[in-house]
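K.L.:
A single structure is presented below for examination.
Derivation of every value follows stated rules applied to the coordinates shown; laboratory data play no part. This one's a predicted model, so the numbers in the text were calculated from it and none came from an experiment. Cβ sites come from the backbone with ideal geometry, for glycine too, and all protein chains shown count toward neighbours.
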Amino acid sequence: MGKRFTLAVAFALTFSLANQGTAAAGTTWFSGMRAFGQVTVEPAVDLATGNEIFLLTPNNVPAGPAHAAARAHAPLFLVLYPEVSTLAASSFNCQPTNCDHAQTFPGYALKGHDHLVGVPHTGDFNVAWDVIAVAFTPHGFADQSIDTRILTLTQLDAAVASGDVVEIDIGFSFNCSITSITTYVKGTPLTFSVP
């Protein structure tokens with residue numbers, strides 16, 4: 001009975017990971033910030049499923065810590081992909097020239113980054129997001145983990161455990177909410193100069 005249960009769990013996990021890969025491969029990934037009314041909208045990733053979602057941030061919100069009770073905060077993992085990655089820059093949620101954040105990183109030149117967040121019913125969702133930078137280590141470069149997108153919390157935890165990435169709490173939080181693809185598509189694409 002124990003072996004049968006273990007095999008069933010292993011099969012279910014394998015099927016789940018295969019489906020995440022298939023869903024990600026079949027997704028048309030959008031990249032970059034867009035302006036819509038008095039907000040910006042950008043793509044993100046549901047860290048439970050690996051599916052694309054969209055985040056809406058009001059303009060002129062003060063940068064820095066979000067003033068909310070600790071229990072009203074949730075992590076936003078900002079996975080930073082190096083310029084030498086073989087992944088297509090257009091697949092990332094943002095690139096240095098189409099967003100105004102994470103354009104540079106002191107560890108390596110950036111090709112782009114993804115925003116991994118929890119959504120209602122499947123993750124730790126709140127409007128106040130604490131930004132956790134996810135940087136690739138020399139080990140992650142050497143074993144070519146830089147060439148595989150991290151789209152789920154399961155993948156992120158595995159990458160941390162294997163030493164391919166490190167999580168860096170940058171002490172920054174901000175407010176944003178989840179919105180629809182319609183809001184994003186109706187927005188005007190933005191471009192930025194890299195400092």
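K.L.:
Mind putting together the pair-distance distribution for segment 114-195? All Cα pairs, 10 Å bins, whole percent per bin, short to long.
P.N.:
The distribution over segment 114-195 is 14, 35, 36, 14, 0, given as percents.
K.L.:
With r defined as the distance between the Cβ atoms of residue 169 and residue 59 and R0 fixed at 25 Å, what FRET efficiency is calculated, to the nearest 0.05?
P.N.:
0.45
K.L.:
Name the long-range amide H neighbours of residue 118: under 5 Å, sequence gap of 5 or more, or other chain; modelled H, no Pro or chain starts.
P.N.:
Answer set, sorted by chain and number: 47, 124.
K.L.:
Here's something else I'd like to know. Give the residues of segment 93-107 whose amide nitrogen is closer than 14 Å to a point set 7 Å from the Cα of residue 193 in the direction of its Cβ.
P.N.:
97
K.L.:
Amide H to amide H under 5 Å from residue 32: which residues, 5+ apart in sequence or cross-chain, H placed 1.01 Å off N in plane?
P.N.:
Amide H neighbours of residue 32: 94, 95.
K.L.:
Something else now. Arranged from highest to lowest average of other beta-carbon atoms within 10 Å per residue, in what order do the peptides 133-141, 104-112, 37-45 appear?
P.N.:
Going from most to least packed, we get 37-45, 133-141, 104-112.
K.L.:
Mind listing the phi-derived Karplus ³J(HN,Hα) values for segment 100-113, rounded to whole Hz, using 6.51, -1.76 and 1.60 with θ = phi - 60°, and x for any glycine or proline?
P.N.:
Karplus-based 3J(HN,Hα) across segment 100-113 equals 9, 9, 6, 7, 9, 8, x, x, 5, 5, 9, 8, x, 8 Hz.
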